[in-house]
Amino acid sequence: MPVNKSHVVVGALAGAAVTVAAMAGAGIRPPGWSGDDLGHLIKASTEPVLASTPGAPMSFADIFEKVSPAVVSIKVTSKVDVSAAARAIPGFENFPFDIVPKGEGPGGGAPDGRRAPKLMSSGSGFFISSDGYIVTNNHVVDNAEDIKVVLNNGKELNAVLVGRDDGTDLAVLRVEGSGYPYVDFENKARPRVGDWVLAVGNPYDLGGTATAGIVSAYNRDIGEKFVDYIQIDAPINRGNSGGPTFDTYGRVIGINTQIFSPSGGSVGIGFDIPADVAESVTKQLMAGHKITRGYIGATIEDLSDELAGSWGLSGRKGAVVAGLVPSGPAARAGIEPGDVVVAVNGRAVTTGNELMREVAKVHAGDVVHLDVFRNGKERSIDIHAGLRPSEAQLAQNGGVSGGDEDSGAAGAGVRSAPHSQILGMSLAPIDPAARQQYSIGAAVRGVVVEDVRGSSDAGDKGLRRGDVIVRAGDHEVASASDVLAAVGEWKKAGRTSIPLAVNRGGVTRFLPIKIEG
């Protein structure tokens, strides 16, 4: 499901925890347990626990009474950039959870001499073992200086961060002591779309809150690379992050993580990390392992219907290779920009995110088998996967980089005359002056767009002055004549549009542009 972040907020909810399985068997102690007590696993019921006596209103009371002792509130103190906070505060749209800046009086830290303010935030979590391990969302504890956990009985404990994973937004904490009631992940069964669910957490710092709704959908793709989310309509808000969602047996089926909202509050569309994903990641973190993922060194985008048609692949689904890391695993294996990947290790992929998730499952050094279409023909290519850099490193690199500066004959400030209109655009070679004027990276090769006719399809698709066309059809281009030749080839083949690889700001994307005339 596409999410337009310019019109709505897909925000982390706030706080913490993954929760899974839970319905309590007999023997769960009421609030007030001590650290000397033996821990109790809250077991799922063998029958749905939803209504009480016949004819009585439907109730989740029995479920909540049994599972709530394992759910905790999480309070985090952290520092933030003062100027960034000032820019983001209006409407709280950019905050992942409830934040209240606390000034500390004079002192170092802020540009005006004041000490940088502390941010107080809250979220949710749950015990995953009797000896104090707690699961939550990574965004709840990101940049935390101090973490406290509030138990179901109101007792407050200091917590330490055991491990975290940016890719799935999961983290594991631990508190001292033992004998804590805890829940376990349950992946053997999951409710159907339309079945009832119960969310438990700490919305707006109101701990111990239960809300009910139904499962709305599975396999929601909201732009996160490594998670296919569960969509639910049980009201979840800021502070619910990391809290568990239970089915009517008391089993945890997901972890509250994000909401889809224009206001920042619940509008009935929430997203959970599925229990199977949470279990795999948290077990590794509890064991002290760092989460690693496979990597092939390619920029990937979805194959739209229009783009598929421009390659003569109408009706096909897959992912398009838009760019390559120089000397990266994919480049060394012979993958080329414009290759359409339709399967990874024998499993069909229909989106770029699906491709990345499949690649991420392998280890560095493993062979990744790709089925691709190139020039209308299917072929198989094996890649030896590398180790995926951290998300921060990937964001810092900003895509494909490297290469030497062009050694064009034109001197600085001297521009070659643009070619006549091609596909509604005026194109020119990339000389030193163009690189400086449009801030074109040294590694980027192609032709620069000097002008776009507004009434053209290129104009409708958003092409603009300063964009660089690096490929047209199946060919790299170095001149406007190369683009013209590729258009002629596509037109001769009976195609009505041609895929252009367009680089903007160091990021390359394919766009299908209608062939004129």
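Rule-based calculations on the coordinates, nothing more; no lab input. Source: prediction; values computed, not measured. As a convention, Cβ positions derive from the backbone with ideal geometry for all residues, glycine included, and neighbour counts pool all protein chains shown.
Once the C-beta distance of Arg464 and His289 is scaled by a Förster radius of 60 Å, the resulting FRET efficiency is 0.85 to the nearest 0.05.
Sum up the charges of everything whose Cβ sits under 13 Å from the Cβ of Met425, counting Lys and Arg as +1 and Asp and Glu as -1, but leave Met425 out. That works out to -1. For the residue pairs Lys75/Lys188; Lys188/Lys290; Lys283/Lys361, alpha carbon separations beyond 21 Å are given by Lys75/Lys188; Lys188/Lys290.
Taken one residue at a time, the phi angles of the range 476-481 give Karplus couplings (6.51, -1.76, 1.60, θ = phi - 60°) of 6, 10, 10, 8, 4, 5 Hz. Gly and Pro are set to x. Computed over neighbours whose Cβ is under 14 Å from that of Leu170, the net charge equals -4, Lys and Arg +1, Asp and Glu -1. Here Leu206, Leu170 are placed in order of increasing Cβ neighbour count within 10 Å, fewest first, which gives Leu206, Leu170. Name all residues of the range 250-284 having a backbone nitrogen under 15 Å from the label point set 7 Å from the Cα of Tyr204 along its Cα→Cβ direction, giving them as ranges. Inside the label zone: 263-268. Using a simple spin-label model with pseudo-atoms 7 Å out from Cα toward Cβ, Ile515 and Ala442 lie 3.9 nm apart. For the range 296-354, just say rounded, prolate or oblate: build the C-alpha gyration tensor, square-root its eigenvalues into a ≥ b ≥ c, call rounded for a/c under 1.5, and beyond that prolate if a/b exceeds b/c, oblate if not. Prolate, because a/c is 1.5 or more and a/b exceeds b/c. The alpha-carbon atoms of the range 425-514, seen along their principal axes, cover 39, 25, 20 angstrom, with the largest extent given first. Candidate cross-link partners of Lys492 among the lysines, defined by an alpha-carbon separation under 22 Å and a same-chain spacing of 8 or more, comprise Lys377, Lys514. Using only the Cα atoms of the range 213-331, build the gyration tensor, take square roots of its eigenvalues as a ≥ b ≥ c, and label the shape rounded, prolate or oblate: rounded if a/c is under 1.5, else prolate if a/b is larger than b/c, else oblate. Verdict is oblate for the range 213-331. Peptides 432-439, 323-330, 263-270, ordered by how many other C-beta atoms sit within 10 Å of their residues on average, highest first, read 323-330, 263-270, 432-439.
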